[in-house]
Every structure is written in structure tokens, then in C-alpha cells.
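Input: a single structure, listed below in C-alpha cells.
The values are calculated or read from the model by the stated rules, or taken from the named source; none is laboratory data. The structure displayed is predicted, hence computed values, not measured ones. For neighbour counting, all protein chains shown are included, and Cβ atoms are generated from backbone atoms with ideal geometry for every residue, glycine included. Side chains are part of the model used for accessible areas, which takes the heavy atoms of the whole protein and leaves out ligands, DNA and RNA. Shrake-Rupley method; radii C 1.70, N 1.55, O 1.52, S 1.80 Å.
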Amino acid sequence: IGENVKGLMTLHKGEILKKICSDFNSIGYTVYTKLFNVANFGVPQKRERLIIVCIRKDITQKYEFPKETHIDNWVPLSIAVPNLSIDDKKYYFSEKAVMGMKNAKNNMKRGLAQDLSQPCLTITSHLAKVSLNSRDPVLLVDREKEVYRRFTPREAACIQSFPNEFVFEGSEIDAYRQIGNAVPPVFFWHI
């Protein structure tokens, strides 16, 4: 079983994925591919991922991808972020960062404050260094006062569907990297 970003499907006009599938086929595997949005499996995140399943040809059973469980019933971000305002100030963006975002060019994606009633945008591996002028999701704590913050590692883990008791090894930066690079466990359980 392989997992990759949606872009693998169109990389070099789809030739890379065709080559991967052809190579597995040539060494004796039947290859199945499908693009999924993990939100359709109850993960509070819009994260599109390509799944590649290869089964040896001598195994006659055909693989069927799982049916999506939450197509019209996405889990909201509020499940993972029950409180916008938190005490630890290290997760908040400075006034200077907010001013920089406000003064950025109009064509830049910036301040991607998430709607708590919807799934979150894709969680990335560099949330420790997230900027208000990036394409990364952030939280708008107070619209009137223009107070933004980034996700805590535990919130990011919850968005990825890790259980609360799951322990990440290393520093907080290491935890963000592990979380952002992971396949959401609830989604992969279905696969």
C-alpha cells in the first residue's frame, strides 16, 4: 500500500504514476489507485491523497477500496479545537506578523483562518514555522482585535485523527513533522 499527494497523478502529465503502476505490474502485481479526501472518512481535515494498492497476481482476490463514511457529514474542526483562546502565548502571532499579513500583496494567500464548522485545510509538517503569509491554516481567535494563532501539536494531531494518548517522540518541531507527514490513522484504518 502506498500513499502520496494528489499531484503525483498529474506530475509530468501523469507519466510518473503510469510508470509506477507499469513497473509494479511488470514484476507481478495488480495495481489499484484511487484519490480520496480524508474528510469523507470522518477526519476533520480536507486532505486529498492518492492511494496505491498492489496485490500479487498469484493472489486471486480483487481489492475493493472502502466506501466513504462521511460524504455528506464532514466532522468539523471544532472537534479538534474546542477552545480558540488558549493560555500558552507562544502559539500566538505577534502584532508585527499580523501587520505584515495585512500589508502583503493582494494576490497572496494569507491569514487562512479556519472555519470551525468545517474540516481544516491540510495540516503540513512545518506548522512549527507557519506564517500568516503562507498557505497554512491558522486560527483567528479574535476577529475584532485581529488575534491569530497556530495550532498546538495536540490540536494538529487531533486534526490528523491521532488518539489523544498517542505520544510523539522528540521536540515539538519533531512532533509537528511527524504529524504533518503522517497518513491520518482513521483514514488508513479504512484503507
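For the pair S117 and N25, a Förster radius of 41 Å applied to the C-beta separation gives a FRET efficiency near 0.40, rounded to the nearest 0.05. Compactness of segment 31-99 was expressed as the Cα radius of gyration divided by 2.2 N^0.38 Å, which yields 1.79. The equivalent ellipsoid that matches the C-alpha gyration tensor of segment 80-179 spans semi-axes of 23, 14, 13 angstrom, in descending order.
Here the label points at Q61 and F166, each 7 Å from Cα along the C-beta direction, are separated by 2.5 nm in the simple model. Considering all C-alpha pairs of segment 130-177, those separated by over 17 Å amount to 44%. Computed extension length for K89-Y32: 15.9 nm, one decimal, from 0.36 nm per residue of separation with the Cα-Cα distance subtracted. The residues packed around G28, meaning those with a beta-carbon under 9 Å from its beta-carbon, carry a net charge of +1 if Lys and Arg are +1 and Asp and Glu are -1. Protein heavy-atom accessible surface, 1.4 Å probe, per residue over segment 1-119: 65 Å².
The protection proxy used here, the mean number of other Cβ atoms lying within 10 Å of each residue, ranks peptides 34-46, 9-21 as follows, highest first: 34-46, 9-21. How much of the calculated P(r) for segment 1-49 lies past 15 Å, in percent of all Cα pairs? Counting every Cα pair in segment 1-49, those more than 15 Å apart make up 53 percent. To the nearest ten degrees, helix 172-181 and the longest principal axis of the Cα atoms of the chain are 40 degrees apart.
Full extension of the segment from M99 to T10, taken as 0.36 nm per residue of separation minus the current Cα-Cα distance, would add 28.3 nm.
The label-point distance for T69 and H126, in a model that sets each label 7 Å from Cα toward Cβ, rounds to 3.3 nm. With contacts taken as Cα pairs under 8 Å at a separation of at least 6 residues, the chain carries a relative contact order of 21 percent.
Legend: residue pairs K19/K62; K96/K129; K46/K89; K13/K34; K34/K62; K89/K129, Cα-Cα distance threshold 19 Å; pairs beyond threshold, K19/K62; K46/K89. The fraction of accessible area contributed by carbon and sulfur in segment 101-191 is 50 percent, rounded to a whole number (1.4 Å probe; ligands and nucleic acids excluded). In segment 135-188, which GluC sites (Glu not before Pro) are in a loop and have at most 16 other Cβ atoms within 10 Å, using DSSP for the loop call? Here the GluC sites (Glu not before Pro) that fit, given the DSSP loop and packing criteria, are E144, E146, E165, E169. Under Stokes-Einstein, with the Kirkwood radius over Cα pairs standing in for Rh, what whole-number D in µm²/s applies to the chain at 4 °C and 1.567 mPa s? The diffusion coefficient I find is 70 µm²/s.
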